[in-house]
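Visitor: The structure that follows is given in the form of structure tokens.
The values are calculated or read from the model by the stated rules, or taken from the named source; none is laboratory data. For clarity, every value in this text was computed on a predicted model and none was experimentally measured. FYI the Cβ positions are ideal-geometry reconstructions off the backbone, even for glycines, and counts take in every protein chain you see.
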Amino acid sequence: MNKFIVFSIFFLFALAACSPTTTILPTEIAISELPTATLTVQPTSTATPLPPTATTIPYTSISSPLRDISLDELNSINTNAFDPPPVGFDEPHQGIDYSYFRFENQSLNDSDGIEGLEILSVLDGTVSSVINDRLPYGNAIIIETSLALLPPDWLAALNIPAVAPTLVPDPRHNCPELVDNAEWDNTNRSLYLIYAHMQHSPQFSVGQKVSSGEIIGQVGNTGNSSNPHLHFEVRLGPGGASFISMAKYDTRASTEEIANYCTWRISNRFQVLDPALILQFRP
């Protein structure tokens, strides 16, 4: 073989062995991550709450106890003033008597005598007793008005006294055991207004609601009365009290009636107040 050819072949093999091997790496593919969509929650519109509505307090109004005679005119027909007895006694006079033989004003054009004149409830309230022709009140009705029904300025003017201790009436009154009803509420006290010597038995029942200015009877001359007049009496006592009749100074009076009367009028469980303290207020 020609030496030149052999050399050439050897040279080519040597050149191939010395050449570096080229490695083809895989092309790096850039993966672009898409941004994750974020859900934006819009705040829910919240309605602004309305301010709380003030609870209406059912304050009572006030009326004259006699039709067509104003509160300002009452004192002109006061024929027997309030004259309270010592505590534990019954006399001389625990209310006010209203009467006249003649009376004239813009509403009553020359009225002869008070008998038959309509009696009106002074305050809103609840009937707590109906008395039918019993001594000394005759035909009468007691109406309870919770102190919670009185406007604050009235309460301040009344200067409500604290609960007084119950007293045993003087032995000369011959009272039986006093009424002690556990259901009566000394915490929530009430005013009790009695309208006495009515012409007819009151057409109401215990527990019945009465409004200020409502007709509750007519002026009469029943019970321990010597002439037609309205006996108006005010007491402060435990809330929720009621009496099934009451009587005294009569041999026909039952033990229960006398006990009711002594508890109501003599024991100081129901503290007597000057009616003028109530009648000073105006609608």
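Visitor: Condition (residue is of a type outside the set (K, R), surrounded by 23 or more Cβ atoms within 10 Å (Cβ to Cβ), modelled with pLDDT of 95 or more and under 23 Å from the mean Cα position of the chain (by Cα)) applied to the range 242-263: is it met by at least one residue?
Guide: Initial filter on the range 242-263 (of a type outside the set (K, R)): 242-247, 249-251, 253-263.
After this cut, where a residue has to be surrounded by 23 or more Cβ atoms within 10 Å (Cβ to Cβ) as well, the list is 246, 260-263.
Remaining after also requiring modelled with pLDDT of 95 or more: 246, 260-263.
Among the residues that remain, those that are also under 23 Å from the mean Cα position of the chain (by Cα) are: none.
Checking the range 242-263: not a single residue is of a type outside the set (K, R), surrounded by 23 or more Cβ atoms within 10 Å (Cβ to Cβ), modelled with pLDDT of 95 or more and under 23 Å from the mean Cα position of the chain (by Cα).
Visitor: Tell me yes or no: at least one residue of the range 216-223 is farther than 25 Å from H93 by Cα and outside any helix (DSSP H, G or I). Explain how you work it out, then say what you get.
Guide: First, the residues of the range 216-223 that are farther than 25 Å from H93 by Cα: none.
Within the range 216-223, none of the residues are farther than 25 Å from H93 by Cα and outside any helix (DSSP H, G or I).
Visitor: Looking at the structure I just gave you, is L277 of a type in the set (A, V, I, L, M), modelled with pLDDT of 95 or more, surrounded by fewer than 18 Cβ atoms within 10 Å (Cβ to Cβ) and more than 20 Å from F89 (Cα to Cα)? So that I can check it myself, show each step before the final result.
Guide: Details: of a type in the set (A, V, I, L, M): yes; modelled with pLDDT of 95 or more: yes; surrounded by fewer than 18 Cβ atoms within 10 Å (Cβ to Cβ): yes; more than 20 Å from F89 (Cα to Cα): yes.
The answer is yes for L277.
Visitor: Only one residue in Q208, Q203, Q199 is under 20 Å from D124 (Cα atoms) and in contact with a strand residue (DSSP E or B) (Cβ under 7 Å, 6 or more places away or on another chain), so which one is that? Give the derivation first.
Guide: Numbers: Q203 fails: in contact with a strand residue (DSSP E or B) (Cβ under 7 Å, 6 or more places away or on another chain); Q199 fails: under 20 Å from D124 (Cα atoms).
Selected residue: Q208, the only one of Q208, Q203, Q199 that is under 20 Å from D124 (Cα atoms) and in contact with a strand residue (DSSP E or B) (Cβ under 7 Å, 6 or more places away or on another chain).
Visitor: So which residues in the range 231-266 are more than 19 Å from W184 (Cβ to Cβ), in a loop (DSSP other than H, G, I, E, B) and either in contact with a strand residue (DSSP E or B) (Cβ under 7 Å, 6 or more places away or on another chain) or not polar (S, T, N, Q) (or both)?
Guide: A247, K248, Y249, D250, R252, A253
Visitor: Next question, about the same structure. Those residues that are out of contact with any Gly (no Cβ under 6 Å at 6 or more places or on another chain), assigned to a strand (DSSP E or B), over 22 Å from Y59 (Cα atoms) and not aliphatic (A, V, I, L, M), I need them from the range 114-173; list them, please.
Guide: E118, S129, N132, D133, R134, N139
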